[in-house]
Amino acid sequence: MNTGVYNNLISTFEPKYTTTAVHDTSELRSVVKRIRKMTQSSPVYLLNFTDARQSFVLGAKEASMKINESLQVLSDDSEDCLFSKIKARSSDPECVGAELIDSDAEHLPSAFSIQVKQLANSQVNLGKEYYETGKGLDAGSYQFRVTVNDVGYDFQYNIRKDANHREVIQGLADFISKAKIGIDAKAISQDRGKIQMRLESQTVGTPNGGETFTFEDRNFDSAGRGIVNYYGLDHVATMPKSAVFDLNGTEKSSLNNEFTLGRAVKISLLQISQDEATVDYHPDTDTIMKSVKGFINNYNELIGHNITFERSTDVPAKLLHEMNGLTKPYRNEMEACGISFDQNGYMTLDESLADQAIEDGDMQKLFGKESAFSNRLYAKMDAVKINPMEYVDKKIVNYPDYSKPPKGYSYISSFYSGLLFNFYC
């Protein structure tokens, strides 16, 4: 195979796959020995290497490498392997949310129950309503103090002559919000052309049952009116409350609707519940399912290359037949895990069955290191990536002379060398 042709094909083929495997010298030495042995013992072939055949060979090699990497992830049995990953799960996710932030067994609390009695909420003040075009306070500078969680902030706001209520309230709302003291202020338009101020604390809960913030006038106009009192900025419409819940039957409180237990589980209180919700731990089906889907996509990519090659050349795809034979003995086991095959040989996934198989441990058995299915498929894909030329039609021109010592060159870019280029191996 001409390397110029190969490199030109690579530039047009544009493979999107780059292996993430790291090979040590012993692995690479083993690959070289295998290819050398194959080169020494293989016949000389005559092959019309069309674009269709080249695309199939390269595509089959890439897909086989992807499948093997997927299998390596799924069959890993180390302490931090895919199937060792867990997640927290709430029996009533509408009322109580649970998220695992540290799966370290040292920090992980045992399963527990939570019943939400009261949600934490923010403080809301609603000012007096005035007609937007009306006028009220005299022109001048108005001073007032805002206390937020026992921290005082002094403000001075200037009202110009002939300013209407809309201009004053809107300007004052922007003034307070931009100060970034933990209060969101908005001018709210009401029916019949009226407007009022709405003030809300950016935090929820209250440490002592009192107000989160207060407003107080520091000076007044000639009529004895302060800007706080006049616009009702100190009128509390909703008092702040802390969250109240039962944890394993014992009443607890929290300033927020989110908190962490044991530095490992983040709990979100979402709404008041009538019954207890149980939080326990299950396999991380989302992460595991992502890897299973990746394996299926890689497998289907290989099947797709075979089907395309078969249709473009009118030659039965040998590898397609072998893949069907390889998987056939394990179809029942795979179907129990939600993996089935359509009439073309593509894998399909029933996610509900797959979820249950992950929960029950059947998915791990299907792909584990002791799995006959996983081991046979890995070995087959290993053979395909070493010598994908085995699966294209070709004529034998000459057999090697086995009466003499074998000769061969591992890095010859021959049809049966395994396409050993550093991008792939």
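Here are the numbers for the structure shown:
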| item | result |
| --- | --- |
| Evaluated over the range 110-211, the Cα radius of gyration and Dmax, each in Å | 17.6, 66 |
| Cα-based reach from K194 at 12 Å (exclusive), listing aspartates and glutamates while leaving out same-chain residues under 8 positions away | E129, E132 |
| Hull volume in cubic angstrom per residue (convex hull over the Cα atoms of the range 258-392) | 168 Å³ |
| Those lysines that a straight Cα-Cα span of less than 25 Å connects to K293, excepting residues fewer than 8 apart in one chain | K16, K61, K66, K85, K87, K328, K365, K369, K380, K385 |
| Stretch gain in nm, segment D382-N219, where the contour uses 0.36 nm per residue and the Cα spacing is subtracted | 50.2 nm |
| Modelled FRET efficiency - R0 30 Å, F259 with E359, Cβ distances, 0.05 increments | 0.60 |
| Choice from N256, N219, N332 with maximal GNM fluctuation in the chain (Cα, 10 Å cutoff) | N219 |
| Kirkwood Rh (inverse of mean 1/r, distinct Cα pairs), the range 299-341, angstrom | 11.3 Å |
| Nitroxide proxy distance, nm - points 7 Å out along Cα→Cβ at M334 and N208 | 6.9 nm |
| Share of carbon and sulfur in the accessible heavy-atom surface of the chain [1.4 Å probe, %] | 47 percent |
| Heavy-atom accessible area per residue - the chain, 1.4 Å, Å² | 54 Å² |
| Max mean-square fluctuation residue, GNM over the chain, Cα-Cα springs under 10 Å, options L46, L71, L377 | L46 |
| E335 - accessible surface, heavy atoms, 1.4 Å probe, Å² rounded to 10 | 90 Å² |
| Ordering of 58-67, 132-141 by burial proxy (mean other Cβ atoms within 10 Å per residue, highest first) | 58-67, 132-141 |
| Linear extension gain, Y402 paired with S78, 0.36 nm per residue minus alpha-carbon span | 112.1 nm |
| Among S268, F341, V392 the positive-end extreme of the charge dipole of the chain (Cβ point charges) | V392 |
| Kirkwood Rh, Cα atoms: Rg over Rh of the range 179-286 | 1.15 |
| Rg to Rh quotient for the range 26-137, alpha carbon positions, Kirkwood Rh | 1.41 |
| Whole-Hz ³J(HN,Hα) from phi, Karplus 6.51 cos²θ - 1.76 cosθ + 1.60, for the range 118-130, glycine and proline x | 7, 8, 6, 9, 8, 8, 10, 10, 10, x, 6, 8, 9 |
| Computed helical MRE - 222 nm, the chain, DSSP H runs ≥ 4 contributing -39500 (n - 2.57), nearest 500 | -11000 deg cm²/dmol |
| Angstrom value of the Kirkwood radius, inverse mean 1/r, which spans all Cα pairs in the range 201-250 | 13.6 Å |
| Structure-derived mean projected area of the Cα convex hull in nm²: which label, when the choices are (1) 34.0; (2) 23.1; (3) 19.9 | (1) |
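The values are calculated or read from the model by the stated rules, or taken from the named source; none is laboratory data. Keep in mind that what you see is a predicted model, and the values were worked out from it rather than measured. Ideal geometry is used to build each Cβ from the backbone, glycine not excepted, and the neighbour counts take in all protein chains shown. We work out accessible area using only protein heavy atoms, side chains counted, and drop any ligands, DNA or RNA first. Shrake-Rupley method; radii C 1.70, N 1.55, O 1.52, S 1.80 Å.
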